[in-house]
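Colleague: I have a structure I would like to understand better, so I am pasting it below and will then ask my questions one at a time.
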Amino acid sequence: MSDDALTNSLFTLCALLHKHYGQKTILLIDEYDVPLDKAQHSGYYDEIVSLIRSLFSRALKSNSSLHFAVLTGCLRIAKESIFTGLNNLRVLSITDAEYDEYFGFSDAEVRSMLHYYSQDDKYELIKTWYDGYCFGNTNVYCPWDVINYCAKLRADPDAAPRPFWVNTSGNDIIRAFLQKAGPGARRDLECLINGGTVRKKIRQELTYRDIYQDTDNLWSVLFTTGYLTLCGSTDGRTFELAIPNLEIREIFTEQIWEWFQEETRRDTPKLDAFCAAFPMADTRTLETIFTAYLKKTISIRDTGVRKERKENFYHGILLGLLSHREDWIISSNAESGDGFCDILIEIEDKSIGIVIELKYPANGNLEAGCQDALAQIEEKNYAEGLLQNGMSTIIKYGIACYKKTCKVLSLRS
């Protein structure tokens with residue numbers, strides 16, 4: 001196809017439809033800015049801007065076969081002059097009240113759908129997972145998620161909710177944010193993950209060339225792409241932002257774990273020193289390095305839930321760090337003695353067995369938390385399985401974590 005044929009393609013299609021049906025054409029262009037995003041990542045940004053400018057100018061300006069056109073996209077690309085010279089162009093963003101009820105399902109529509117499929121008891125679950133988006137003055141559910149989950153429920157009434165939106169959109173923006181975020185931005189994200197809000201200045205007229213130049217710009221993109229939503233007052237430039245629902249929180253959490261694992265793998269000497277401290281019962285080194293990791297990561301503490309769920313966060317981090325030693329046999333929540341131990345380790349070449357129990361003392365008393373963990377190891381006889389597997393030396397660890405601090409106590413037998 002020649003360049004002229006390509007840039008005239010939409011204009012030609014409108015003219016042919018007009019001629020065939022005797023009616024002017026309505027042109028719908030969805031996600032018109034996605035090619036710009038792909039081009040920015042792949043190195044042909046200037047070329048795609050030139051192409052889209054020519055394509056849209058020909059199709060949308062002085063087209064006698066066009067009744068009207070609707071374009072949707074995450075970003076307004078006015079600075080790129082893609083829409084240069086277009087007349088009567090109306091831009092409606094997610095902060096505008098006009099048409100706000102049409103961007104998702106209302107609460108009444110969701111209730112009606114669930115009632116139609118005899119799934120009324122799933123209302124609270126669906127609300128927790130898929131509600132929370134604010135468009136203009138209206139709160140809506142993500143329609144794609146609700147439809148997909150209802151379809152799952154028709155086939156299996158016990159089906160658990162899961163992220164459906166993640167399959168329709170890449171999460172490169174979250175990964176880019178985590179890579180660029182400094183301590184302040186990571187603390188803000190930690191606040192959001194744990195149910196809080198942040199107040200940020202939002203630039204709705206960004207180019208894809210601008211996005212990755214400043215962390216503040218990434219806040220704007222997280223908002224305009226639906227990872228964050230308006231939650232409170234705004235003066236038109238500064239917005240109170242929150243994570244809309246459990247689905248998006250799950251997406252953030254998964255990306256944070258992947259980012260943390262990549263970051264820790266880059267510092268092999270530090271990981272080696274951390275793991276080596278366990279068979280040596282070097283509690284001071286363990287405390288120092290584990291605390292450093294906790295300060296670097298983004299805590300996902302499930303604010304307001306039971307203590308065991310908070311312990312899971314620290315359990316997950318520790319397990320991920322220990323997995324660096326591929327020559328160790330590591331078991332998580334393994335049955336041993338009279339219960340299930342958090343982590344068991346077998347170092348076969350040295351016949352060393354390690355028992356680890358973690359605690360989250362709600363009052364911040366780390367010493368007492370460690371003592372409780374060691375007492376549980378003894379009471380439940382967690383070392384029994386290691387002894388049965390031929391480990392001659394047993395080292396027991398009580399590890400207590402509170403926010404981003406930890407303490408480690410050990411016993412050798």
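Colleague: Out of all the residues in the range 153-165, which are buried (at least 16 other Cβ atoms within 10 Å of the Cβ) and either part of a helix (DSSP H, G or I) or in contact with a His (Cβ under 6 Å, 6 or more places away or on another chain) (or both)?
Modeller: Within the range 153-165, Leu153, Trp165 qualify.
Colleague: Tell me, which residue of the range 19-32 that is outside any strand (DSSP E or B), open to solvent by 50 Å² or more (accessible area, probe 1.4 Å) and closer than 26 Å to Gly73 by Cβ is modelled with the highest pLDDT?
Modeller: Per the stated criteria, the residue is Lys24.
Colleague: Just checking, which of Glu205, Glu240 is outside any helix (DSSP H, G or I), in contact with a Lys or Arg (Cβ under 8 Å, 6 or more places away or on another chain) and open to solvent by 50 Å² or more (accessible area, probe 1.4 Å)?
Modeller: Glu205
A quick yes/no check of all residues on (1) within 24 Å of Glu205 (Cβ to Cβ); (2) open to solvent by 40 Å² or more (accessible area, probe 1.4 Å); (3) over 19 Å from the mean Cα position of the chain (by Cα); (4) of a type in the set (Phe, Trp, Tyr):
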site: Thr229; (1), (2), (3), (4): yes, no, no, no
site: Gly236; (1), (2), (3), (4): yes, yes, yes, no
site: Glu247; (1), (2), (3), (4): no, no, no, no
site: Glu250; (1), (2), (3), (4): no, yes, no, no
site: Trp257; (1), (2), (3), (4): no, yes, no, yes
site: Gln261; (1), (2), (3), (4): no, yes, no, no
site: Arg265; (1), (2), (3), (4): no, yes, yes, no
site: Lys270; (1), (2), (3), (4): no, yes, yes, no
site: Leu286; (1), (2), (3), (4): no, no, yes, no
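Colleague: When you scan the range 39-48, do you find a residue that is surrounded by fewer than 17 Cβ atoms within 10 Å (Cβ to Cβ), farther than 27 Å from Thr225 by Cβ and without any contact (Cβ under 8 Å) to a residue 12 or more places away in the chain, even just one?
Modeller: Looking for residues that are surrounded by fewer than 17 Cβ atoms within 10 Å (Cβ to Cβ), farther than 27 Å from Thr225 by Cβ and without any contact (Cβ under 8 Å) to a residue 12 or more places away in the chain, one finds none in the range 39-48, hence no.
Colleague: Kindly indicate the residue of the range 61-93 that is part of a loop (DSSP other than H, G, I, E, B) and at pLDDT 90 or above and also most open to solvent (accessible area, probe 1.4 Å) among those meeting that condition.
Modeller: Ser64
Colleague: Follow-up. I'm told Glu311 meets every condition in (1) over 16 Å from Thr283 (Cβ atoms); (2) assigned to a helix (DSSP H, G or I); (3) open to solvent by 40 Å² or more (accessible area, probe 1.4 Å) except one. Can you identify the failing condition by its number?
Modeller: (3)
Colleague: Just need a number here: residues in the range 359-383 that are surrounded by 14 or more Cβ atoms within 10 Å (Cβ to Cβ) and either in a helix (DSSP H, G or I) or under 35 Å from the mean Cα position of the chain (by Cα) (or both).
Modeller: Of the residues in the range 359-383, 16 are surrounded by 14 or more Cβ atoms within 10 Å (Cβ to Cβ) and either in a helix (DSSP H, G or I) or under 35 Å from the mean Cα position of the chain (by Cα) (or both).
Colleague: How many of the residues in the range 264-284 are under 19 Å from Ala181 (Cα atoms) and touching a Leu at 6+ places or on another chain (Cβ under 9 Å)?
Modeller: 2
Colleague: Could you check, for the range 94-108, whether at least one of its residues is farther than 30 Å from Leu17 by Cα, part of a helix (DSSP H, G or I) and at pLDDT below 90?
Modeller: yes
Colleague: What do you reckon, is Glu335 exposed (fewer than 14 other Cβ atoms within 10 Å of the Cβ) and free of Cβ contacts under 8 Å to residues at least 60 places away in the same chain?
Modeller: Yes: the conditions hold for Glu335.
Colleague: Moving on to the next point. Report, by residue number, each residue of the range 215-235 that is under 24 Å from Glu31 (Cα atoms) and assigned to a loop (DSSP other than H, G, I, E, B).
Modeller: The answer is Thr225, Gly226, Tyr227, Leu228.
Colleague: Checking Ser118 against (1) surrounded by 17 or more Cβ atoms within 10 Å (Cβ to Cβ); (2) part of a loop (DSSP other than H, G, I, E, B); (3) modelled with pLDDT of 90 or more; (4) not basic (Lys, Arg), only one condition comes out false. Which one?
Modeller: With (1) surrounded by 17 or more Cβ atoms within 10 Å (Cβ to Cβ); (2) part of a loop (DSSP other than H, G, I, E, B); (3) modelled with pLDDT of 90 or more; (4) not basic (Lys, Arg) applied to Ser118, the lone miss is (1).
Colleague: Continuing with this model, one more query. Give just the number: which of (1) β-branched (Val, Ile, Thr); (2) within 14 Å of Ile329 (Cβ to Cβ); (3) in contact (Cβ under 8 Å) with a residue 40 or more places away in the chain; (4) surrounded by fewer than 23 Cβ atoms within 10 Å (Cβ to Cβ) does Ile394 not satisfy?
Modeller: (2)
Colleague: Name the single residue, out of those in the range 340-358 being open to solvent by 10 Å² or more (accessible area, probe 1.4 Å) and of a type in the set (A, V, I, L, M, F, W, C), that is nearest to Leu387 (Cα to Cα).
Modeller: Ile352
Colleague: While we're on this one: When the range 397-413 is examined, which residues are found to be buried (at least 23 other Cβ atoms within 10 Å of the Cβ) and either in contact with a Pro (Cβ under 6 Å, 6 or more places away or on another chain) or more than 17 Å from Leu286 (Cα to Cα) (or both)?
Modeller: Selection gives Ala400 alone.
Colleague: Does the range 187-197 hold any residues that are buried (at least 19 other Cβ atoms within 10 Å of the Cβ) and free of Cβ contacts under 8 Å to residues at least 60 places away in the same chain, and which are they?
Modeller: Selection gives Asp188 alone.
The values are calculated or read from the model by the stated rules, or taken from the named source; none is laboratory data. This one's a predicted model, so the numbers in the text were calculated from it and none came from an experiment. Cβ coordinates were reconstructed from backbone atoms using ideal geometry, including for glycine residues, and neighbour counts include every protein chain displayed. To get the accessible areas, we keep the full protein, side chains included, count just its heavy atoms, and leave off ligands, DNA and RNA. Shrake-Rupley method; radii C 1.70, N 1.55, O 1.52, S 1.80 Å.
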